[in-house]
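Accompanying notes for the structure given below.
The values are calculated or read from the model by the stated rules, or taken from the named source; none is laboratory data. As the structure is a prediction and not an experimental result, all values here were calculated from the model. Ideal geometry is used to build each Cβ from the backbone, glycine not excepted, and the neighbour counts take in all protein chains shown.
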Amino acid sequence: MTNTIIEKAPIRKTDEWADRIAAQQRSGVSVKQFCKEQGLTEGSFYAWRKRLQKTEPVRFALVDRRVARQEPATEAALELVMATGERLRIGASVDAATLRTVLEVLRP
């Protein structure tokens with residue numbers, strides 16, 4: 001019998017904290033409550049949030065709100081359906097930072 005070892009790619013600390021910060025924002029709970037639930041210190045949370053705000057370049061995403069004509073699309077890894085019925089197809093090759101930026105722009 002052959003043993004198979006599956007290794008996960010290491011998650012960079014900056015990506016890990018960016019994901020945590022985004023999760024807190026989506027959760028709707030206070031930073032204090034989120035940190036308590038996640039076993040994090042508030043000091044670390046605020047320090048990373050400040051650090052990430054400084055280091056990440058500002059990116060803009062052009063969002064066309066007009067109804068697009070239906071064209072054959074490439075295979076999307078993820079499709080989000082907005083409350084308005086609009087669909088956002090996200091390819092497998094999109095990087096996490098760009099996806100976070102687009103989602104922040106689309107939030108009401």
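Yes/no per residue for (1) of a type outside the set (F, W, Y); (2) modelled with pLDDT under 90; (3) closer than 27 Å to R89 by Cβ:
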site: P10; (1), (2), (3): yes, yes, no
site: R20; (1), (2), (3): yes, no, yes
site: V29; (1), (2), (3): yes, no, no
site: Q38; (1), (2), (3): yes, no, no
site: V58; (1), (2), (3): yes, yes, yes
site: R65; (1), (2), (3): yes, yes, yes
| request: Please work out if R100 is modelled with pLDDT under 90 and among the basic types (K, R). | output: yes
